[in-house]
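Asks: This structure is in structure tokens; I'll ask about it shortly.
The values are calculated or read from the model by the stated rules, or taken from the named source; none is laboratory data. What you see is a predicted model; the values in this text were computed from it and never measured. We place every Cβ from the backbone using ideal geometry, glycine too, and count neighbours over all the protein chains shown. All accessible areas refer to the heavy atoms of the entire protein, side chains included, with ligands and DNA or RNA removed. Shrake-Rupley method; radii C 1.70, N 1.55, O 1.52, S 1.80 Å.
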Amino acid sequence: MDKPRAVVIGSGIGGLTAAVALHDRGWRVTVLERAASLEPVGAGIALAPNSQRALDVIGMGDEIRALAAWQGEGGMRVPGGRWLSRTDSAVAAERFGGPVVLLHRAALVDRLVARLPEATVRTGTAAELLDPGTAGGAPAVVGTGAGKTEADLVVGADGINSAVRKVLFPGHPGPSYAGFTTWRIVVPATGRPFAPHETWGRGALWGTQPLKDGRIYAYGAAVAPAGAHAADGEKAELLRRFGNWHDPIPSVIAAADPGQVLRNDVHHLIDPLPSYHRGRTILVGDSAHAMAPSLGQGGNQAIEDAIVLAHHLTPDGDLGAGAAAYTADRLPRTTAVVRKSARTARLMRLTSAPAVATRDALTSLASRFVPTLILRTFDGIADWQPPRPTYAAPREADTAPVDAEQ
């Protein structure tokens with residue numbers, strides 16, 4: 001008999017991880033991506049131990065861990081350079097069972113695509129969910145410019161403005177503005193060593209992190225009106241906002257290519273969905289639970305989603321029961337992470353001098369008496385374990401993907 005068909009709409013981190021995991025479980029998978037190429041939108045991504053253990057299930061965990069670049073101390077600082085708290089990479093790895101790995105999104109995308117059969121990912125193909133199907137009956141229907149295709153399973157991985165989510169839950173209010181914007185850059189090494197850090201100011205923060213290949217991933221965030229942009233370019237805006245902060249921040253910004261500075265307003269799904277599935281269609285990643293980046297868990301939770309999804313949806317199993325089990329596993333956990341991310345973001349958004357001074361003083365004092373205070377923020381998040389350690393054996397990569405033109 002033919003293997004059951006799965007169509008993944010969207011080729012972000014969650015969609016590609018779901019495609020690999022479902023393929024390894026025995027599904028016949030096609031990924032439909034509206035963009036003309038797989039050049040990732042974004043710069044860096046931090047993979048915490050929870051997502052690394054999820055990637056162990058599809059045999060990728062160790063190759064990701066090998067990319068870890070953070071060695072020694074890092075921590076939180078103020079714009080003038082004073083340390084509020086320090087954290088050692090070895091202590092973090094011991095507490096959560098592995099290092100935090102910073103890498104370019106392109107490196108992760110390339111590794112995921114390499115695990116799929118050729119032609120599984122179809123770029124330049126806008127897809128629309130026409131019918132979510134029924135778990136015990138009619139298939140889901142996806143439309144493309146070439147026609148319609150039926151699928152035993154559709155995975156909505158089309159991001160924060162998910163069209164799939166709107167079909168499943170048309171009455172949900174959708175994402176809301178979190179009150180701040182972000183910038184991301186990847187630059188060559190500046191030639192001067194630095195300790196990885198996140199620096200918090202008044203309604204703003206900056207992070208500088210090393211990558212394994214010697215480059216630097218840096219990011220900024222600041223309270224700003226939704227939709228605002230700098231008339232003279234975003235690099236100039238970064239220099240205005242962060243150019244007088246401590247080293248190496250000014251030199252990192254100076255090294256940025258003006259055309260490669262990414263700016264994105266932050267929106268989150270602070271109102272949780274009632275479910276992550278309907279019929280034969282299931283949501284993963286930002287489509288299901290977009291969150292503020294303040295805990296660095298957006299991509300990590302998408303990877304968790306993908307692995308849990310494949311765990312519950314065996315090709316010959318009860319799809320309705322599997323989908324319900326997926327929602328039961330993922331909705332409470334991701335809702336908690338969304339809310340915790342929002343609470344952390346509120347601390348960054350403080351703008352009054354007295355409130356910022358109080359925040360910094362309490363952070364410094366608490367870190368002095370409880371050195372693992374910052375790490376404790378990730379208890380219950382970074383120590384997550386996947387539902388199974390690994391698949392018994394990878395599936396052959398010779399099965400043709402779903403023909404989306406039928």
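Asks: Which one of the conditions (1) part of a strand (DSSP E or B); (2) open to solvent by 20 Å² or more (accessible area, probe 1.4 Å); (3) more than 30 Å from Gly233 (Cβ to Cβ) does Leu129 fail to meet, given that it meets all the rest?
Replies: The one condition Leu129 does not meet is (2).
Asks: Right, another one. In the set Ala119, Ala135, Ala54, which member is within 30 Å of Thr30 (Cβ to Cβ), at pLDDT 95 or above and either open to solvent by less than 60 Å² (accessible area, probe 1.4 Å) or small (Gly, Ala, Ser) (or both)?
Replies: After applying the criteria, what remains is Ala54.
Asks: Going by the conditions given, is Arg278 under 18 Å from Ala157 (Cβ atoms), of a type in the set (D, E, K, R) and touching a residue at least 40 places away in the same chain (Cβ under 8 Å)?
Replies: It is true that Arg278 is under 18 Å from Ala157 (Cβ atoms), of a type in the set (D, E, K, R) and touching a residue at least 40 places away in the same chain (Cβ under 8 Å).
Asks: Could you run through segment 212-236 and say how many residues are out of contact with any Gly (no Cβ under 7 Å at 6 or more places or on another chain) and under 17 Å from Ser251 (Cβ atoms)?
Replies: Number of matching residues: 6.
Asks: Another question, then. What do you reckon, is Arg368 outside any loop (DSSP other than H, G, I, E, B) and either exposed (fewer than 14 other Cβ atoms within 10 Å of the Cβ) or modelled with pLDDT under 95 (or both)?
Replies: So Arg368 fits the description; yes.
Asks: Based on what the data block shows, is Leu112 surrounded by 20 or more Cβ atoms within 10 Å (Cβ to Cβ) and either under 30 Å from Glu234 (Cα atoms) or not aromatic (Phe, Trp, Tyr) (or both)?
Replies: When the stated conditions are applied, Leu112 passes them.
Asks: Right, something else. Can you give me the number of residues within segment 1-26 that are open to solvent by 10 Å² or more (accessible area, probe 1.4 Å) and over 22 Å from the mean Cα position of the chain (by Cα)?
Replies: Qualifying residue count, segment 1-26: 6.
Asks: Quick check on my filter: what residues within segment 247-259 are within 25 Å of the chain's Cα centre (by Cα) and either among the hydrophobic types (A, V, I, L, M, F, W, C) or more than 16 Å from Thr190 (Cβ to Cβ) (or both)?
Replies: Once the filter is applied, which keeps residues that are within 25 Å of the chain's Cα centre (by Cα) and either among the hydrophobic types (A, V, I, L, M, F, W, C) or more than 16 Å from Thr190 (Cβ to Cβ) (or both), segment 247-259 yields Ile249, Val252, Ile253, Ala256, Pro258, Gly259.
Asks: May I pose another question? Being out of contact with any strand residue (DSSP E or B) (no Cβ under 6 Å at 6 or more places or on another chain), among the aromatic types (Phe, Trp, Tyr) and farther than 27 Å from Thr363 by Cα: is that true of Phe169 here?
Replies: Taking the combined requirement at face value, the residue satisfies it.
Asks: Could you pull out every one of the strands (runs of 3 or more DSSP E) wholly within segment 197-306 that has 2 or more residues that are surrounded by fewer than 24 Cβ atoms within 10 Å (Cβ to Cβ)?
Replies: Fully inside segment 197-306 and qualifying: 197-200, 204-210, 216-223, 262-268.
Asks: Please state which of the following conditions Gly72 fails to meet, knowing it meets all the rest: (1) more than 21 Å from Val187 (Cα to Cα); (2) within 22 Å of the chain's Cα centre (by Cα); (3) surrounded by fewer than 17 Cβ atoms within 10 Å (Cβ to Cβ); (4) at pLDDT below 90.
Replies: It is condition (2) that Gly72 fails.
Asks: Of the conditions (1) surrounded by fewer than 17 Cβ atoms within 10 Å (Cβ to Cβ); (2) more than 20 Å from Ser176 (Cβ to Cβ); (3) under 20 Å from the mean Cα position of the chain (by Cα), Ser352 clears all except one; give me its number.
Replies: (3)
Asks: For segment 138-166, how many residues meet the condition of being hydrophobic (A, V, I, L, M, F, W, C), open to solvent by 50 Å² or more (accessible area, probe 1.4 Å) and not in a loop (DSSP other than H, G, I, E, B)?
Replies: 1
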